[in-house]
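Colleague: Let me give you the structure first, and then I'll get to my questions.
The values are calculated or read from the model by the stated rules, or taken from the named source; none is laboratory data. Here the structure is a predicted model, which is why all the values come from computation and not from measurement. Please note: Cβ atoms are built from the backbone with ideal geometry, for glycine as well, and neighbour counts cover all protein chains shown.
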Amino acid sequence: MFLLALAVVCQSDTILQGQCETGWVSGPYPANSCYLFSVATSTWSGAQQFCRNLGGHLAILDSMDEIMWMRGVRSFYPQLQNTGQVFVGGFKESGSGQWLWQGNTTNYPILASDWGVGQPDNASPGQSCLALFSKRTDRDWGYRFDDFWCSRSIPFICEKTVPRCSAAALE
Ligand SMILES: [Ca+2]
């Protein structure tokens, strides 16, 4: 009876721990995170708004473990392998030039970074948004960090955390 009650409560919360909505990929950093890989393209700010409308934000890869996990994701997401750059949630603060992750309520410094060879290069006329540089037909860029033009429209990755079954639901 307890198990049945638990299942009902969790279903009413929509999502069980470790499960993501259809179209989202479950990730381990944190354990209740989900990622949406959009092959539809947008500018960086447009992508951020798209992700927020879904209850998330552009992906924040705030540990080397998460960065390396994300590098591996493309192996089972072939549609993202040859797209060139893919936006994630980092940006370069104007003025300070510091690279930050943009959360929903606060920004914080990018501490673990994985810049590709020669990046960031701030290519003309300036690049202030963070992308992962995926494989193109000519060579494999390793899905590492690249500063990119914010106003270009490219694919992007959303991230959100999903509710766990509350402790109350376990009682
Ligand atoms: Ca660049």
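Colleague: Return yes when LEU58 is at pLDDT 95 or above, in contact with a helix residue (DSSP H, G or I) (Cβ under 7 Å, 6 or more places away or on another chain) and not basic (Lys, Arg) and no when it is not.
Modeller: Considered against the rule, which asks whether it is at pLDDT 95 or above, in contact with a helix residue (DSSP H, G or I) (Cβ under 7 Å, 6 or more places away or on another chain) and not basic (Lys, Arg), LEU58 comes out as yes.
Colleague: Another one. What pairs can you find where one residue is in region 90-102 and closer than 12 Å to PRO120 by Cα, the other is β-branched (Val, Ile, Thr), and their Cβ atoms are less than 8 Å apart, with a gap of 6+ or different chains?
Modeller: TRP99/ILE110
Colleague: Okay, moving on. What residue, among those in region 125-171 that are at pLDDT below 85 and among the aromatic types (Phe, Trp, Tyr), is surrounded by the most Cβ atoms within 10 Å (Cβ to Cβ)?
Modeller: Top of the filtered list is TYR143.
Colleague: How many residues does region 110-123 hold that are loosely packed, with under 12 Cβ neighbours inside 10 Å and away from the ligand (no atom under 13 Å from the Cβ)?
Modeller: 1
Colleague: If you don't mind, there's one more thing I want to ask. I'm checking my understanding of the structure. Among residues of region 30-53 that are buried (at least 16 other Cβ atoms within 10 Å of the Cβ) and farther than 19 Å from ALA131 by Cα, which one is nearest to the chain's Cα centre (by Cα)?
Modeller: SER33
Colleague: Still on this model: Any residue at all in region 86-95 that is at pLDDT below 95 and crowded, with 17+ Cβ neighbours inside 10 Å?
Modeller: yes
Colleague: Related question: Scan region 18-41 and report the pairs whose first residue is under 22 Å from ARG152 (Cα atoms) and whose second residue is modelled with pLDDT of 90 or more and among the hydroxyl-bearing types (Ser, Thr, Tyr), with Cβ atoms within less than 7 Å and a gap of 6+ or a chain change.
Modeller: As it stands, the answer is THR41/SER153, since those pairs meet every condition given.
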